[in-house]
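Reviewing the structure listed below.
What follows draws every value from the coordinates through simple rules; no lab data is involved. All figures in this text were calculated on a predicted structure; none of them were measured in a lab. Note: ideal-geometry Cβ built from the backbone for every residue, glycine included; neighbour counts use all protein chains shown.
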Amino acid sequence: MPPLARYPYLYVPGKSKEHSKPMPIQATSKIWHNGNLIPWEQANIHVMSHVVHYGSSVFEGIRCYGQPKGSAVFRLPEHMQRLLDSAKIYRMEIPYTLDELCAAVVDVIEANEVAPCYIRPIVLRGYGEIGVSPKGSPIEVYIANFPWGKYVAGQGGADVCISSWNRLAPNTMPALAKAGANYMNSQLIRMEADINGYVEGIALDVNGLISEGSGENVFVVRNGVIYTPQLGNSALSGITRDSAIAIARHLGYTVSEQPIPREMLYIADEVFFTGTAAEVTPIRSVDRIVIGDGKPGVPGDRSSSQGWKSGEITRKIGDEFLGIANGLKPDRFGWLTPVKVNAAQPASA
Ligand SMILES: Cc1ncc(COP(=O)(O)O)c(C=O)c1O
């Protein structure tokens with residue numbers, strides 16, 4: 001018998017080759033902190049900060065896309081409103097208005113001149129007192145941006161599993177708040193998937209119904225109808241989820257937000273993830289059960305555009321989403337906030 005690894009419970013390199021590629025953060029020049037742009041390397045917090053011990057942060061993940069002329073942030077006000085909502089749930093008073101926060105995002109992107117990019121606003125409870133009560137620990141607001149590529153791997157569709165970890169139960173950790181602490185649960189889901197050779201895990205809610213991926217919302221297509229879990233199934237109210245629903249309805253599809261049993265994924269015609277990081281990612285298999293004919297609709301893939309084929313609805317929604325985000329289709333829903341930075345890479349949909 002081969003000797004046991006020293007840390008057998010840790011990640012096993014080589015299990016899921018595609019997914020396990022490291023994605024180191026690429027530093028930019030400035031980070032926005034409480035109203036000022038400070039050097040990237042000076043955006044530090046003390047180890048005794050409240051957030052380090054008790055997970056007291058709320059944050060956002062936003063993408064800025066390259067356009068044929070310049071760049072644009074995707075659904076900036078909606079993201080910053082969700083940040084304010086997350087903070088409200090945790091009684092964190094952010095001393096900035098929605099407009100000020102949106103302007104700060106534009107400022108930091110323009111100062112760093114980095115686009116396309118990922119934007120990470122975070123509000124945290126800083127250095128003050130050691131007690132669990134957050135009273136006496138100051139609120140700190142930071143906004144960083146940096147280049148970031150594809151999040152969920154899987155050329156031709158992601159192979160995912162149902163996690164043995166449930167998503168947060170209602171009235172424990174609020175799922176509608178995008179709080180740093182929720183991502184301890186996400187890490188368990190993601191690490192388990194990784195170690196078992198899947199690119200991502202889908203968690204059930206406390207009642208055994210589909211909830212969401214570790215960092216994505218889930219959609220299921222069957223007989224031409226699109227289904228997604230309700231927010232009451234412990235799912236985050238994803239901005240991309242909302243965008244996919246709007247696009248699908250605009251394209252004439254029926255979208256139903258409803259409880260979804262696990263087995264509905266196995267017999268679906270199509271399954272896909274949505275998320276700022278994942279964008280629209282088709283899923284090829286769940287628990288090694290092939291979805292549809294195993295040919296998911298990859299956005300941008302023209303080979304499957306003749307007639308109705310498996311994956312067609314995913315591809316159409318993904319194409320429209322990327323088309324709008326990259327400025328190649330009309331911004332019919334008013335989702336883009338322009339920034340004055342020329343895209344470093346050519347846009348593609
Ligand atoms: C747990 C979870 N669900 C869903 C999503 C998708 O949300 P959005 O489309 O706003 O990025 C994310 C990503 O932020 C997430 O972390």
Query raised in the report: Taking a threshold of 31 Å on the Cα-Cα distance, which of the pairs LYS295/LYS340; LYS178/LYS295; LYS69/LYS295; LYS30/LYS88; LYS30/LYS316; LYS88/LYS316 fall above it?
Result: LYS295/LYS340; LYS178/LYS295; LYS69/LYS295; LYS30/LYS316; LYS88/LYS316
**Report entry** Net dipole in debye of segment 120-276 [+1 Lys, Arg Cβ; -1 Asp, Glu Cβ; about Cα centre; nearest 20]
**Finding:** 360
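Please give the charge dipole size of the chain, origin at the Cα centre, charges +1 on K and R Cβ atoms and -1 on D and E Cβ atoms. Round to the nearest 20 debye.
On the way: 32 positive and 33 negative charges, 73 e Å.
About 360 debye.
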**Report entry** Net charge contributed by nearby residues that have their C-beta within less than 10 Å of ARG167 (K/R +1, D/E -1)
**Finding:** -2
**Report entry** Highest-MSF residue in the chain out of PHE146, PHE272, PHE333 [GNM, Cα springs under 10 Å]
**Finding:** PHE333
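Would you list GLU41, GLU257, GLU263, GLU212 from fewest to most Cβ contacts within 10 Å? Working shown, then result.
Values: GLU41 9, GLU257 16, GLU263 12, GLU212 27.
Going from least to most buried by this count: GLU41, GLU263, GLU257, GLU212.
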Query raised in the report: Using DSSP loop states and a limit of at most 15 other Cβ atoms within 10 Å to flag trypsin sites (Lys or Arg not before Pro), what is the longest stretch of the chain containing no flagged site?
Result: 151-261
Requested in this report: Towards the positive end of the charge dipole of the chain, with charges on Cβ (+1 Lys, Arg; -1 Asp, Glu), say which of GLY311, SER164, PHE146 has the farthest Cα.
Outcome: GLY311
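Applying 1/(1 + (r/R0)^6) with R0 = 41 Å to the Cβ-Cβ distance of ALA27 and MET264, what FRET efficiency is obtained, to the nearest 0.05? Can you show the working numbers first?
Values: r = 43 Å, r/R0 = 1.06.
That pair, ALA27 with MET264, gives E of 0.40.
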Report task. Name the residues whose placed amide hydrogens come within less than 5 Å of the amide hydrogen of VAL341, ignoring near sequence neighbours (fewer than 5 apart) on the same chain. Result -> SER71
Requested in this report: List, in order, the whole-Hz ³J(HN,Hα) value for each residue of segment 215-228 obtained from phi through the Karplus relation with A = 6.51, B = -1.76, C = 1.60 and θ = phi - 60°; use x for Gly and Pro.
Outcome: x, 8, 8, 10, 10, 10, 10, 9, 6, x, 9, 9, 10, 8
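Does the chain classify as rounded, prolate or oblate by the C-alpha gyration tensor (a ≥ b ≥ c root eigenvalues; a/c under 1.5 gives rounded; else a/b over b/c gives prolate, otherwise oblate)?
On the way: a/c = 1.59, a/b = 1.22, b/c = 1.30.
Verdict is oblate for the chain.
Could you tally the net charge around VAL218, taking each other residue with its Cβ under 12 Å from the Cβ of VAL218, Lys/Arg +1 and Asp/Glu -1?
Net charge in that neighbourhood comes out at -3.
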Requested in this report: Going by C-beta contacts inside 10 Å, put VAL199, VAL206, VAL51 in order with the fewest on the left.
Outcome: VAL206, VAL51, VAL199
Report summary line: Charge dipole of the chain built from unit charges on the beta carbon (Lys, Arg +1; Asp, Glu -1), centred at mean Cα; most positive-end Cα among SER237, GLY61, MET23 is MET23
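What's the magnitude of the charge dipole for segment 22-82 around its Cα centre, counting Lys and Arg as +1 and Asp and Glu as -1 at the beta-carbon? Answer in Debye, nearest 20.
Values: 5 positive and 3 negative charges, 47 e Å.
Dipole size: approximately 220 debye.
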**Report entry** Within a Gaussian network of the chain (alpha carbon springs, distance under 10 Å), most fluctuating of ASN166, ASN207, ASN326
**Finding:** ASN207
